[in-house]
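K.L.:
Attaching a single structure in structure tokens format; questions to follow.
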Amino acid sequence: MLLILTEPLDIHADHVVKKLKMHGVPFVRFHPADFPTKAQISFSCSPNGQTSYILHTEAKTIELNQVKAVWYRRPRIPVVHSELLNSTERDSIAGECQDVLDDVWNSLNCLFLPAPRAVIKRAQMKASQLKIAGALGFELPPTLITNSPEDLLEFYRQHNGQIISKLAGFSFFRKVGTPFCRYTEVVSKQDIGYFHDIRYSPMIFQAYVPKQVELRVIVVGQQVFAAEIHSQISYRTRHDWRRYDRNETPYLPHALPLEIAKHCIALVNQLELCYGAIDMVLTPEGRYIFLEINPNGQYLWIEYETGLPISDAICDLLLAPIKDSQPISISPKLSLGA
């Protein structure tokens with residue numbers, strides 16, 4: 001049995017579920033935010049160490065010992081009972097519920113895609129990503145993560161004012177009172193005039209990398225799917241393709257060099273993942289520059305735009321544990337003699 005942990009409105013999970021049904025594979029889709037208000041979990045351990053995990057939902061009772069693979073897609077944090085009005089109590093119990101869920105999921109002896117929550121959180125660390133990627137042979141943009149005004153100003157001068165800024169955290173989406181998005185932005189002369197304000201919070205600064213195209217590279221197990229995003233065609237997307245302009249931005253399969261594909265697989269493996277969405281830049285000179293990896297990044301729009309069979313690869317991985325002998329596969333197909 002497969003366990004899919006995600007929110008109700010998840011088109012990625014919807015798409016893969018249709019494929020799983022075609023395979024006739026039993027699965028359970030569970031929204032962790034339903035715990036503890038709409039679901040209960042029980043773990044038991046006998047004197048000789050035999051364990052049992054039971055998940056009770058409004059619809060059914062599931063023996064989690066039967067789970068062979070978990071897709072940790074887009075789970076949300078537990079929502080505590082509304083009867084608990086004290087904010088301190090609510091926060092404490094929500095944390096306790098999340099700890100129990102993490103403990104139960106981590107105790108399951110099965111494949112996790114992309115990985116258990118603790119591994120995902122560790123893999124999201126930007127400085128660690130860059131260090132590992134550089135050690136593996138990726139070319140990196142000169143980078144500074146800082147809250148030092150003096151260091152920022154020196155970095156700006158070193159690169160003749162040609163730098164960008166982005167959040168140092170895990171997501172470009174924030175909810176502080178009002179939800180907002182913070183995209184990658186070019187640091188202008190006006191921006192640098194406020195360089196002292198960086199002391200309030202660290203950010204990532206990188207030398208601006210000229211782009212021929214941007215790449216989103218999806219690694220699923222030992223398979224690599226690369227798509228090129230022609231972000232420079234549209235003014236809206238030229239600094240950050242996440243400012244989607246799909247009517248003006250072509251998306252095409254990309255023939256990734258074998259050496260770069262091997263680096264991508266090695267990075268995912270070293271981060272103890274079996275899935276990752278890697279963002280890179282292909283420069284006008286043909287250099288591949290690593291930017292970052294999202295351990296649970298979106299991919300479905302790339303599949304729709306390019307036809308790359310990423311969901312099929314996810315299904316295959318969920319249906320059978322990764323075998324060490326599985327050959328490297330690169331999409332689109334690359335002739336090794338090229």
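The values are calculated or read from the model by the stated rules, or taken from the named source; none is laboratory data. Because the structure is a prediction, the values reported are computed rather than measured. Because the Cβ atoms are built from the backbone with ideal geometry, glycine has one as well, and the counts that use them run over all protein chains shown.
K.L.:
Residue by residue through the range 46-62, note down the ones that are of a type outside the set (A, V, I, L, M, F, W, C) and out of contact with any strand residue (DSSP E or B) (no Cβ under 6 Å at 6 or more places or on another chain).
P.N.:
Passing the criteria: SER46, PRO47, ASN48, GLY49, GLN50, THR57, GLU58, LYS60, THR61.
K.L.:
Now for a different question. Just to be sure I understand the filter: pairs with C-beta atoms under 7 Å, separated by 6 or more residues or on different chains, first member in the range 160-187 and outside the structural domain of ASP279 (by TED's automatic domain parsing) and of a type in the set (Asp, Glu), second member part of a strand (DSSP E or B) and modelled with pLDDT of 85 or more. Which pairs pass?
P.N.:
Listed pairs, sorted by first residue: GLU185/ILE164; GLU185/SER165.
K.L.:
Moving on to the next point. Of all residues in the range 180-203, which are over 16 Å from ARG157 (Cβ atoms) and either in contact with an Asp or Glu (Cβ under 9 Å, 6 or more places away or on another chain) or in a helix (DSSP H, G or I) (or both)?
P.N.:
TYR183, THR184, GLU185, GLN190, ASP197, ARG199, TYR200
K.L.:
On the phi > 0 side of the Ramachandran plot, loosely packed, with under 14 Cβ neighbours inside 10 Å, of a type outside the set (A, V, I, L, M, F, W, C) and outside the structural domain of SER44 (by TED's automatic domain parsing) - does that describe any residue in the range 136-146?
P.N.:
yes
K.L.:
On the basis of being within 17 Å of ASN109 (Cα to Cα) and not assigned by TED's automatic domain parsing to the domain that holds ILE310, does GLN50 make the cut?
P.N.:
So GLN50 fits the description; yes.
K.L.:
Need at least 2 residues that are under 30 Å from ASP316 (Cβ atoms) per element, so show me which strands (runs of 3 or more DSSP E) inside the range 33-111 make the cut, counting only ones lying wholly within it.
P.N.:
The qualifying strands (runs of 3 or more DSSP E) are 51-56, 61-63, 69-74.
K.L.:
Right, next: Name the one entry in TYR53, TYR72 that is of a type in the set (Ser, Thr, Tyr), within 30 Å of LEU300 (Cα to Cα) and surrounded by 12 or more Cβ atoms within 10 Å (Cβ to Cβ).
P.N.:
TYR72
K.L.:
Kindly provide the set of residues from the range 244-302 that are within 20 Å of ILE11 (Cα to Cα), touching a strand residue (DSSP E or B) at 6+ places or on another chain (Cβ under 7 Å), among the hydroxyl-bearing types (Ser, Thr, Tyr) and assigned to a loop (DSSP other than H, G, I, E, B), ordered by number.
P.N.:
The answer is TYR299, and nothing else.
K.L.:
Report yes if some residue within the range 97-118 is among the hydroxyl-bearing types (Ser, Thr, Tyr) and crowded, with 16+ Cβ neighbours inside 10 Å; otherwise report no.
P.N.:
Among the residues of the range 97-118, not one is among the hydroxyl-bearing types (Ser, Thr, Tyr) and crowded, with 16+ Cβ neighbours inside 10 Å, which makes the answer no.
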